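The values are calculated or read from the model by the stated rules, or taken from the named source; none is laboratory data. What you see is a predicted model; the values in this text were computed from it and never measured. Virtual Cβ from ideal backbone geometry, glycine too; neighbours counted across all protein chains shown. Accessible surface areas use protein heavy atoms only, side chains included; no ligands, DNA or RNA. Shrake-Rupley method; radii C 1.70, N 1.55, O 1.52, S 1.80 Å.
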Amino acid sequence: MPGIRGPSDYSREPPRHPCLKINSKEPFNAEPTRSALISSYVTPVDFFYKRNHGPIPVVDDTERYSVSLSGLIKNSKDLFMKDIWKLPKYTVTATLQCAGNRRTAMSKSRTVKGVGWDIAALGNAVWGGAKLADVLELVGIPYLTSITQSGGKHVEFVSIDKCKEENGGPYKASIPLSQATNPEADVLLAYEMNGEPLNRDHGYPLRVVVPGVIGARSVKWLDSINIIAEECQGFFMQKDYKMFPPTVNWDNINWSTRRPQMDFPVQSAICSLEDVSVVKHGKITIKGYAVSGGGRGIERVDVSIDGGKTWEEATRYQRTGVPYIADDSSSDRWAWVFFEAEANIPQCAEIVAKAVDISANVQPESIDSVWNLRGILNTSWHRVQVRVGQANL
């Protein structure tokens with residue numbers, strides 16, 4: 001593609017904030033501290049988790065950069081950034097979450113394979129760009145189309161990004177055409193993040209944002225869009241990011257028996273405390289985030305200070321001072337909520353949080369019940385241990 005530098009240029013790493021906890025250097029994967037994560041409803045770009053499967057591409061000539069649209073459509077088309085910029089611009093506040101968020105805790109139950117993430121492999125940003133539904137109209141695919149005249153049912157996104165799992169080929173993923181052509185699904189070809197142009201870590205100059213779906217489908221550094229009959233056959237659609245039962249291991253796994261994971265389940269985590277914390281005597285404030293996939297709002301967050309025997313409901317909010325009403329037009333449907341509760345802590349306590357979404361989906365109690373060999377979708381109750389005492393003991 002014009003405007004793309006060769007692999008030798010990939011070694012120049014973008015600047016990053018020192019607060020990030022680096023989980024792997026090559027490819028670069030990092031997350032912020034818990035306290036940094038909930039310092040702002042809209043996650044600053046510096047604190048937004050970095051998830052990569054290969055070296056980070058360099059696109060240095062956006063005038064020559066283009067995205068090809070082809071496949072099961074009448075007319076193929078090359079789209080340049082000037083073409084994207086001419087389309088109506090939308091801003092969508094959406095939380096992206098890596099499917100491996102909270103994998104480290106799952107690995108303590110039984111060994112899993114994958115990058116070791118704590119609880120901060122997610123972030124909430126205001127994405128700016130063109131709706132994919134509008135882009136697809138440029139090649140003759142109307143809104144709310146499930147199948148093209150040529151039999152296209154899926155939209156495949158191919159990245160400039162190269163990765164070893166694809167034998168040096170590009171990272172790719174797909175979503176159903178019915179979702180891509182639905183303007184209410186808010187799928188974007190985004191060129192801005194929090195009001196600024198995307199940086200290299202987050203897909204400059206153009207990426208896909210698929211709200212409510214695991215981050216693996218929001219392809220960065222977009223190279224091409226293909227309209228295809230079957231879902232993408234890439235590695236990360238067919239041999240990764242699938243939810244298997246605890247009985248499946250690397251000897252008996254059959255990848256074809258499970259569909260690619262799309263929406264993420266209801267999730268919450270406590271961010272104001274570490275796994276083990278020492279606090280002063282008296283009331284403490286318990287803060288964290290809750291989020292669910294598919295545009296499902298958060299109906300309730302429950303907090304316990306006795307390991308889950310008794311519960312109190314936490315307050316929920318997106319913007320400070322503005323009441324959060326799940327599924328209301330005043331709320332950001334694709335975004336997380338913060339929760340807060342106060343409690344008097346006994347000498348020792350296990351503090352637990354669990355969220356319930358508007359469909360009454362609730363987080364499962366135990367890690368063992370959702371354990372899977374790739375360590376994805378650990379949505380079990382989040383637990384932290386607290387004791388009252390001196391911090392230096």
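Restricting the range 293-316 to residues that are in contact (Cβ under 8 Å) with a residue 60 or more places away in the chain and within 14 Å of Phe338 (Cβ to Cβ), the residue that is surrounded by the most Cβ atoms within 10 Å (Cβ to Cβ) is Ile298. In the range 181-233, of all residues being of a type in the set (S, T, N, Q) and closer than 19 Å to Thr148 by Cβ, the one that is most open to solvent (accessible area, probe 1.4 Å) corresponds to Gln233.
Just one residue in the set Val126, Val112, Val139 is on the phi < 0 side of the Ramachandran plot, surrounded by fewer than 20 Cβ atoms within 10 Å (Cβ to Cβ), assigned to a strand (DSSP E or B) and of a type outside the set (Asp, Glu); that residue is Val126. Scanning the range 71-109 for residues that are basic (Lys, Arg) and either farther than 22 Å from Thr43 by Cα or part of a loop (DSSP other than H, G, I, E, B) (or both) yields Lys74, Lys77, Lys82, Lys86, Lys89, Arg102, Lys108. So, in the range 156-174, exactly how many residues are in contact with a helix residue (DSSP H, G or I) (Cβ under 6 Å, 6 or more places away or on another chain) and buried (at least 19 other Cβ atoms within 10 Å of the Cβ)? Adding up the residues that qualify gives 1.
Close Cβ contacts (under 8 Å, 6 or more residues apart or on different chains) running from residues in the range 242-267 that are in contact (Cβ under 8 Å) with a residue 12 or more places away in the chain to residues that are among the aliphatic types (A, V, I, L, M) and open to solvent by 50 Å² or more (accessible area, probe 1.4 Å) comprise Arg258/Met243; Gln261/Met243; Val266/Val362.
Count of the range 333-359 residues, restricted to those that are within 18 Å of Ser39 (Cβ to Cβ), open to solvent by less than 50 Å² (accessible area, probe 1.4 Å) and not aliphatic (A, V, I, L, M), is 3. Taking every residue in the range 354-375 that is part of a loop (DSSP other than H, G, I, E, B) and polar (S, T, N, Q) and pairing it with any residue that is at pLDDT 95 or above and open to solvent by 20 Å² or more (accessible area, probe 1.4 Å), at least 6 positions away or on another chain, the pairs with Cβ-Cβ distances below 7 Å are Ser359/Arg296; Asn361/Pro265; Gln363/Lys354; Gln363/Trp381; Asn372/Met243; Asn372/Pro246. In this structure, Gln390 does not qualify as open to solvent by 60 Å² or more (accessible area, probe 1.4 Å) and touching a Gly at 6+ places or on another chain (Cβ under 9 Å). Within the range 145-194, restricting attention to residues that are part of a strand (DSSP E or B) and of a type in the set (D, E, K, R), the residue that is farthest from Val213 (Cα to Cα) is Lys162.
Within the range 229-279, the set of residues being in a helix (DSSP H, G or I) and farther than 30 Å from Leu37 by Cα comprises Phe235, Gln238, Trp255, Ser256, Thr257. Give the range 270-302 a look and list any residue that's closer than 18 Å to Ile358 by Cα and among the aliphatic types (A, V, I, L, M), or say none. Of everything in the range 270-302, those that are closer than 18 Å to Ile358 by Cα and among the aliphatic types (A, V, I, L, M) turn out to be Ala290, Val291, Ile298, Val301. Of all residues in the range 33-70, those that are in contact with a Gly (Cβ under 8 Å, 6 or more places away or on another chain), in a loop (DSSP other than H, G, I, E, B) and either open to solvent by less than 40 Å² (accessible area, probe 1.4 Å) or touching a residue at least 60 places away in the same chain (Cβ under 8 Å) (or both) total 9.
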